[in-house]
1. Please state which one of ALA135, ALA127 is within 16 Å of the ligand (Cβ to nearest atom) and touching a residue at least 12 places away in the same chain (Cβ under 8 Å).
2. Within segment 281-296, does at least one residue satisfy the condition of being crowded, with 17+ Cβ neighbours inside 10 Å and of a type in the set (Val, Ile, Thr)?
3. How many of the residues making up segment 70-81 are open to solvent by 30 Å² or more (accessible area, probe 1.4 Å) and either within 19 Å of VAL361 (Cα to Cα) or of a type in the set (Phe, Trp, Tyr) (or both)?
4. Can you tell me which residue within segment 227-248, out of those that are among the β-branched types (Val, Ile, Thr) and within 17 Å of GLN309 (Cβ to Cβ), is surrounded by the fewest Cβ atoms within 10 Å (Cβ to Cβ)?
5. On the phi > 0 side of the Ramachandran plot and either modelled with pLDDT of 95 or more or of a type outside the set (Val, Ile, Thr) (or both): does that describe GLY174?
6. If GLY159 meets every condition in (1) in contact (Cβ under 8 Å) with a residue 60 or more places away in the chain; (2) within 14 Å of the ligand (Cβ to nearest atom) apart from one, which number is that one?
7. Within segment 97-121, restricting attention to residues that are in a loop (DSSP other than H, G, I, E, B) and touching a helix residue (DSSP H, G or I) at 6+ places or on another chain (Cβ under 6 Å), which residue is surrounded by the most Cβ atoms within 10 Å (Cβ to Cβ)?
8. Tell me, which residue of segment 11-26 that is open to solvent by less than 40 Å² (accessible area, probe 1.4 Å) and either acidic (Asp, Glu) or not in a helix (DSSP H, G or I) (or both) is modelled with the highest pLDDT?
Amino acid sequence: MKNISILGSTGSIGKSTLEVVRRSRQFRIIGLSAKSNIALLLEQVKEFNPQTVAVWDRDSADRLKKMAPKGLRIVTGMEGLCETAACRKNDLVVSSLVGSVGLIPTLAAIDAGIDIALANKEVLVMAGAIVMAKARAKGVKVLPVDSEHSAIFQCIGSGRKEEVRRIIITASGGPFVDLPQAKLRTVTVRETLNHPRWSMGRKVTVDSASLMNKGLEVIEAHWLFGLDLSKIDVVIHRESIIHSMVEYVDGSIIAQLSVPDMKIPIQYALTYPARAENRAHFIDFSKLKNLSFGLPDRKRFPALALAYQAAQKGGTAPAVLNAANEIAVHEFLEGKIGFLDMAVVVRSVLSKHAHRKSPTVAQILAADEWARVQAEIFCEEIVRK
Ligand SMILES: NC(=O)c1ccc[n+]([C@@H]2O[C@H](COP(=O)([O-])OP(=O)(O)OC[C@H]3O[C@@H](n4cnc5c(N)ncnc54)[C@H](OP(=O)(O)O)[C@@H]3O)[C@@H](O)[C@H]2O)c1
């Protein structure tokens, strides 16, 4: 029996993880967490009977206390998330919060020597060097949940690291892959959230449409697999059947394929190194008409190039990219700025940033805070124009 806590259990990845847990007898849920979705959290508590739940929002926690079963420990804020993550009973923590809030609790779990199933890519984007060094020092496994990174993880064992020529991260291209630049200017929030292949949380869905998600994934892969950025390429593959590939120096390419369903990489991270039976999800090759490939259009989707640039700079630059993007996505979802404004905001904040090499966690958090303020100011200027 593997004891698991899920940070962000009410989100898209959190709910899929609980579906995997529901159909297996291998896992026991120790901790769950939500920001404010108390109704769903309470349902999850009743079904999975955790010892602890972390609720970010104190008012929501107070409401939950009135309805929760006796004996349930309810903790709040960042302290509560860290306590849930670092509980010694955990064998694995599923890190599936969205955004920078996941960094400190993920580090708390690693500090406690607990393996991580990582969905929250922003953690590695902000502080990949620190997170991976700490994981190595503590002997902690960081198991990828993102379908692309799970694919690479499964393919990269086919050769030695020095034999890898490059990794190829696939991208569906999102809902606007064929839309001309002029039309991108006026796309609505509703159109942006209508992803052709995946059903995900709102932030990652917007990032997928702008290709910022691919940029964040490039940075995530750089840290997870210890590969130079020059060895990480992105290819548009609309069908989302090939989840990513590893090309070796002899010209062989190893790919991982499956139907697009996040429960497959989630389950692999939970059962690793074993594979568990999966009766529902197999490719039917008689129905697969075409697998297509193309290169991303970096002009129409400048977020990808911005992410490569920030990653090349290193230090605090990726954290600044991420924080500015979080604000820009929020303002876009609120209807305050347009789709193309998001990359403009990120570029502007990055250009003003006094970049710091080899930062500490505190310096990364300070850069994150600074970038949020700058991005908010810039968004206000856009609104006023
Ligand atoms: N969804 C996917 O298919 C997918 C695939 C690959 C990678 N990922 C990555 O996985 C991560 C999670 O994505 P998602 O789509 O599952 O996100 P999501 O649906 O928005 O869920 C986010 C979860 O985090 C909680 N949360 C949000 N802000 C919080 C805060 N400030 N403090 C504490 N808890 C907070 C939410 O609680 P409430 O419900 O109470 O708001 C929810 O449980 C992201 O980094 C994303 O890039 C997602």
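The values are calculated or read from the model by the stated rules, or taken from the named source; none is laboratory data. The structure presented is a predicted model; accordingly, all values stated were derived computationally and were not measured. Positions of Cβ are backbone-derived with ideal geometry, glycine not excepted, and every protein chain shown enters the neighbour counts. Side chains included, ligands, DNA and RNA excluded: accessible areas come from the protein's heavy atoms. Shrake-Rupley method; radii C 1.70, N 1.55, O 1.52, S 1.80 Å.
1. Within the list ALA135, ALA127, the selection yields ALA127.
2. no
3. So the count comes out to 2.
4. Result: ILE232.
5. Against the criterion (on the phi > 0 side of the Ramachandran plot and either modelled with pLDDT of 95 or more or of a type outside the set (Val, Ile, Thr) (or both)), GLY174 qualifies.
6. Evaluating GLY159 over (1) in contact (Cβ under 8 Å) with a residue 60 or more places away in the chain; (2) within 14 Å of the ligand (Cβ to nearest atom) leaves (2) as the failure.
7. Once the filter is applied, the top-ranked residue is ALA119.
8. By that ranking, first place goes to GLY11.
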